[in-house]
Every structure is written in C-alpha cells, then in structure tokens.
Amino acid sequence: MSFDEAVKYLLSLGHETLAIKLGLANIERLLAALGNPHRSFPSVQIAGTNGKGSTAVMLASICRAAGIRAGLYTSPHLVSITERIRINGKQIDREEFARLTARVREAALQMQNECGALPTFFEQVTALALLAFQEARVQLAILETGLGGRLDATTAAGAQTVAITPIALDHQEYLGHTLVEIATEKAAIIRAGVRATVIAQQQPAALAVISERCRKQKIEPRFATANYQIHGAETDGRLRATFRTTHDIYEDVCLSLRGRHQLTNAAVAIELAEALREQGFPLTRAAIIEGLETVRHAGRLELIAGTPSLLFDGAHNPAGARALRDYLAEFVSAPITLVFGAMSDKDLREIAAILFPLANKLILTRPDNPRAAAIEALARALPDDIPAHQIFQTQDTRMAWRTALEQTLPHGLICVTGSLYLIGEIKNQLADE
C-alpha cells in the first residue's frame, strides 16, 4: 500500500465528524485484534473544549527537552495526515504511515466480516497511532481527545494520567446543549485507578461536574495553578510569566505560544509534568521551562512576518474567538484583513459578533468540506454595523486568498480563522506558490 492509497482508503471511511460513531466497543475490538498496542506504554489523555491541543504539544515539548521519547497524537491535521502522529517531535513518515494503515485495514475488515461493524476513520487512525507508538518504543504517549471523552476512541487507551482543559459550549449536537452535559461527557475520562487527574480553571458549572466525578471515582484532583505573575510580553504576543505551584517555582518563562489564554494551558502542562515526575519521569524544572519556551503549534496564533504579515488561528467556537479577539486588540495595530470560513454547526452569529468588528476588510469563504457553512449562512451572521464596502464574499478559498492579497496593504495583517480546515487549505495554497 502506498501513502496515497492509505490516505484514499482512510478518507473512503467518511469524514471524521460526519461519519463519527461515539462508543468504545469498536475501537476496543480493533485494538485487541492488533495485540493491544496501547498496553506497551503509559499514556496521558487530554480532554476539554479549548486548549487541549496546545497543552498536548506543550507537554510533548517538555518531554523532548527532558530526553523522554514521547509519542503525540492530535487532531485534526492541517496539511498532511501524518501531522497527527509525532514521535520525538517528528511526524511519522509516509512509508511508515502506509505500512501501518495496511495492518489496521486488514484487522478492520476482518472485524467487519465477523461482527458487521467497520471501525470509523478516527478509530482506525487512533489505532494506527498507538501501533506506531508501540513500534517506536515510546516511553510515554500523549493523546489529545478527539470529541468529548466518555466515548472517544482515545479513551480506549486507558490513560493513567488525564487532564481537562477549559470547557465551553461546542459540538452540542454530539455532547449536549448545556455546559453541564458537555462537562459530564469530558469528565468521564476520570476513571477509577487513574494515577493523576489535572484540572484547568473552569466555569463554576463545569467545575462542579468534574469535582463530583472525582469524588465518585475516589480520586483527589490536582488543580493547575492560577498563581502566576505576568512580567510583560514580547511585541508579537508571547508572554513572560513566573508560575508558582505547590511543588516548585518556574521563573520568568517566555511562553512560545502566543496569547494570554496560553497561561492557562501552560499551567495545565506544568501540573501534568509535575504529576509525571512523581511517577518517575525525569522532568526537571529546567526541562519544563525549556519545553514551554520552544514549543510550536501550527494554526494557533501562528504568526508569519512579511509584507503583509500572516496570522493563522483556528478560532472555531466563541471561546476561541474571544481569545483571538483579545490577542488582536492587544498586540496588533496594523489594519486587519480577516479571512473567515467555518463549519455550519458552529455558533456563527456569536463568533461573527466577536471577531468581525475588528476587521478593516472581511472576506467570507467556504472551505472544501461537507460540513462547511455556506456563504449565505455567513452573510446572515454579519453584524448590522459592518459597512458593506468592507465585505467580500468568495465561493472558494483560492479566491479568498487572492482577494486578501489584493485588499491588504503591505504593512497590514491577513488573519485566517474560523476553522482549522480553512487554515489547512490556505497553507496548501501557500506551499504550491
């Protein structure tokens, strides 16, 4: 099987959200057929609405600084599916990905013959990642939850250390329409026997749910520190801060990831590292600081200087939109061209109200995705006070990118946001230029 054949096969299983089937039975059977690779290494599972990806890459960077061979599994990808599986900071290579896809496909088709159920795209890619980690002999796997927690495929790995980043409203069609319902789904990764549970700062309703889950599972949660002092910020939005936990002090850390919301994610990563240190991992203070200062995360306040400059940020829900708005308001003085496309199940009107008033030029577009919101739906979400001459509607992302270049002054900023799928398409176009 070639790499292109592997990708074609996986995509034939259906879009990972449209074809989603929440539940652990299929992934558990698939992993068993593959020899239960997840039992070969300890793992960390990170759930939450916002920040789980940033926290995961921070922890992976900390492990790399400490010389720990860690596997990182995240989703979705931006340009190549191989981005989802990293070992020691490097993407799995295409040949390895294809070889492991063939193994997973064989087991999945055998499952289908035996019980009639073919594992989904996300289930098969999750199994592929765990196989890759087993073969690479990782010392730790870091798993970003795909959707929810209780029934997400990553939960089948049985992580001994778990974390929950801030919870907000998102994916209500799958997880529930209230913060309590969504928190209940995500808090379910806290299970009896988990060695450490790290909790980020939460809204009161979500915190009550998580605390009750810990009580029922007889687990004492560890709360990420809110005791940090900000010393200042670089002009591009990277903050300097000192973090104080119950065990240590991390002085004058210059966070590599931009935005004030990364303070919360860094606090979770620090608490996770301290929990793992107590379990025997050699995660020193110096490694934790180095990891936070060198981490990279594409598509999350990713700034590329130029004429004009370019900012990618996957602000796909109101909480993410507020974080982006705060960053732009504080650190960007140049005129902003906002390129926006989103999925149809998002709260378009609220996201628009948060972000669109900051734009000097607003370009609405539609990513090539079956879930993408139509231009007409984006137009209906427009706030009433956005002048018509500032708005451009484009039916595809190539036209959106050309329009952005035409409408942005050399000293301006093009901000691409609303969906990680949109960011991936624009990045692909830049790679082709």
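Structure values in brief
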{"item": "Subset tally (residues that are farther than 14 Å from LEU72 by Cβ and β-branched (Val, Ile, Thr)) for region 94-151", "result": "3"}
{"item": "Failed item, numbered, when ILE304 is tested on (1) of a type in the set (A, V, I, L, M, F, W, C); (2) farther than 12 Å from ILE62 by Cα; (3) in contact (Cβ under 8 Å) with a residue 12 or more places away in the chain", "result": "(3)"}
{"item": "Cβ-Cβ under 6 Å pairs, at least 6 apart or on other chains, region 212-241 side under 16 Å from ASN265 (Cβ atoms), far side in a loop (DSSP other than H, G, I, E, B) and of a type in the set (Ser, Thr, Tyr)", "result": "THR225/THR245"}
{"item": "Candidates THR120, THR126 - the one that is touching a Gly at 6+ places or on another chain (Cβ under 8 Å), over 21 Å from SER40 (Cβ atoms) and crowded, with 21+ Cβ neighbours inside 10 Å", "result": "THR120"}
{"item": "Neighbours by Cβ (under 6 Å, 6+ apart or cross-chain): first from region 185-209, on the phi < 0 side of the Ramachandran plot; second part of a helix (DSSP H, G or I) and among the small types (Gly, Ala, Ser)", "result": "ALA196/ALA275; ALA206/ALA183; VAL209/ALA183; VAL209/ALA187"}
{"item": "Residues that are farther than 19 Å from ARG296 by Cβ and assigned to a loop (DSSP other than H, G, I, E, B), drawn from region 261-279", "result": "GLN279"}
{"item": "Candidates ARG258, ARG366, ARG300, ARG322 - the one that is surrounded by fewer than 21 Cβ atoms within 10 Å (Cβ to Cβ), under 23 Å from the mean Cα position of the chain (by Cα) and within 18 Å of LEU420 (Cα to Cα)", "result": "ARG322"}
{"item": "Helices (runs of 4 or more DSSP H) wholly inside region 13-131 containing at least 2 residues that are β-branched (Val, Ile, Thr)", "result": "52-65, 94-115"}
{"item": "Residue ID - modelled with the lowest pLDDT, chosen from residues in region 62-101 that are over 26 Å from PHE281 (Cβ atoms) and β-branched (Val, Ile, Thr)", "result": "VAL79"}
{"item": "Those residues of region 248-271 which are farther than 20 Å from THR197 by Cα and touching a Leu at 6+ places or on another chain (Cβ under 6 Å), in sequence order", "result": "VAL253, LEU255, ARG258, GLY259"}
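The values are calculated or read from the model by the stated rules, or taken from the named source; none is laboratory data. Please read all numbers here as calculations on a predicted model, not as lab measurements. Ideal geometry is used to build each Cβ from the backbone, glycine not excepted, and the neighbour counts take in all protein chains shown.
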